[in-house]
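Step one of this worksheet: look at the structure below.
The values are calculated or read from the model by the stated rules, or taken from the named source; none is laboratory data. In this text the structure is predicted, and so the values were computed from the model without any measurement. With ideal geometry, Cβ positions are generated from the backbone for all residues, glycine too; neighbour counts draw on all protein chains shown. Please note that ligands, DNA and RNA were not included when accessible areas were found on the heavy atoms of the full protein model with its side chains. Shrake-Rupley method; radii C 1.70, N 1.55, O 1.52, S 1.80 Å.
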Amino acid sequence: YLKISKLALAFAIIHSKPPGKSSKEYTEYLAKTVSEQDFGWKWKVEVLEAEVLRLRQELLLSRISPRFCLENRKQDTSAETLLGQESINPTSSSSQLEDSGCDVSNDSAFDSLGIASDFHQSQHNDSTSKHWLGGVPPLNLCHASEEQSVTAPVHFLESLLEIRKLSEEGILQADFSELENDSFTICNSVSQLLDGLTVFYNSPKFPAPSLLTEGVRVLISLMTDSKLSNHVLKKCFKKMEEFEKNLIQIILRNRSVNRFQALHSVSEMLGLLGRNNILRNSLISLLLSEVRQFAEQLLQTHQVQSVYDVTQYENIFFLFMILEQLLQNETEESNISSSDYGGEEKIKFLGNLDQIILHLSDEFPLFSLYLWRVSVLLNSGQMQ
């Protein structure tokens, strides 16, 4: 049936082609016309889906705290003012990309997205003004960008955090059990934000757009909030784990000359996500798996005297640093069983580690040292 349909279509095109055009030219013209129509419909569908999600976000917020939404509408004008002020306040000049990307002597210079500083500032300055969902500017249909795609989820999640803060202070009454009843809205909002951040981290710009910097701050605040993070992870754990995997691959595969500042930013993001106990265990397993696989590949190439990937060898040390940070935090927190993290990957990692270090220590002393440091932290947690 498919062959007959294709043959019939070919005959129809040949018979209907205008004079002066070949069948091939007319076929290409028809294909282009149809594809443009499909693109137009897809674009309209995406716009409508974005509007539906925005309305569902408003509805969910009104169910959690009706009084918040009532006051929110009264704050529309001031919210627009806040948005305008933010748009003219870019990140500090310290985030400019270094020419060579090799100067790592000053850690503060590598807060290229303002992640750590913004997060700690938000922790100590609770009176900072928030963006209200009602003040979200309408989607610019003609100039959609990766920044605009995360506008709705950023403001929705920011509003959730604001309700949480006001409810703790006794200013608002809020029922966060409503998050359990609307998994679609919370999952889509978090997924959109994670997708937007992944696109940015793949091709980072310096200084980072203020909205994406705000998106990082909101995501970290959400994951470190004891009450909200539990609701979100119940619905979005797989998406969060996928986000962690993407960031790890971004670190390993980056081959640009000026990559170290960007990789430092990704590493900071992973370290901050590791503040959440559930995400921390997942992240440790992912990192152990990647380091173990690279160590085994390096041992194999060394034994057969083959050429190894120098760039990936340099990048792997970012994973070592994240691992050490997470494992040190893990062993310092007495309320968590340190022997539980890593699970199966921990057993695999420690299985033939001594043999790997023995064979690589002469040729790759720094790599072997980092392997040994990680193993010490793993074993120290096991003994506690």
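Distance between the pseudo-spin-label points of residue 202 and residue 8 (7 Å out from Cα toward the beta carbon): 4.0 nm. Size estimate for the stretch 146-275 follows the Kirkwood approach: the inverse of mean 1/r over distinct Cα pairs works out to 15.4 Å. For the stretch 146-275, carbon and sulfur atoms together expose 46% of the accessible surface, with a 1.4 angstrom probe and every protein chain in place. Solvent-accessible area of residue 29, all protein chains in place: 120 Å² (probe radius 1.4 Å, heavy atoms, ligands and nucleic acids excluded).
Multiplying the residue separation of residue 227 and residue 307 by 0.36 nm and removing their Cα-Cα distance gives an extension gain of 23.8 nm. Residue order by solvent-accessible surface for 235, 227, 3, 24 is 3, 24, 227, 235, largest first, with ligands and nucleic acids left out and a 1.4 Å probe.
Accessible surface ranking for 256, 368, 1.4 angstrom probe, highest first: 256, 368.
When 222, 55 are compared by accessible surface with a 1.4 Å probe, the order from highest to lowest is 55, 222. Pairs 245/348; 238/346; 238/348; 17/44; 205/227; 44/245: which are spaced more than 25 Å apart, C-alpha to C-alpha? Over 25 Å Cα-Cα: 17/44; 205/227; 44/245. Working from label points 7 Å from Cα in the Cα-to-Cβ sense, the residue 184 to residue 359 distance is 5.4 nm. Averaged over its residues, the stretch 146-275 has an accessible area of 36 Å² per residue, based on protein heavy atoms and a 1.4 Å probe. Here residue 15 and residue 49 are evaluated by their C-beta separation; at R0 = 25 Å the FRET efficiency comes out at 0.05. Take the Cα of residue 275, step 7 Å toward its Cβ, do the same at residue 321, and the gap between the two points is 1.9 nm.
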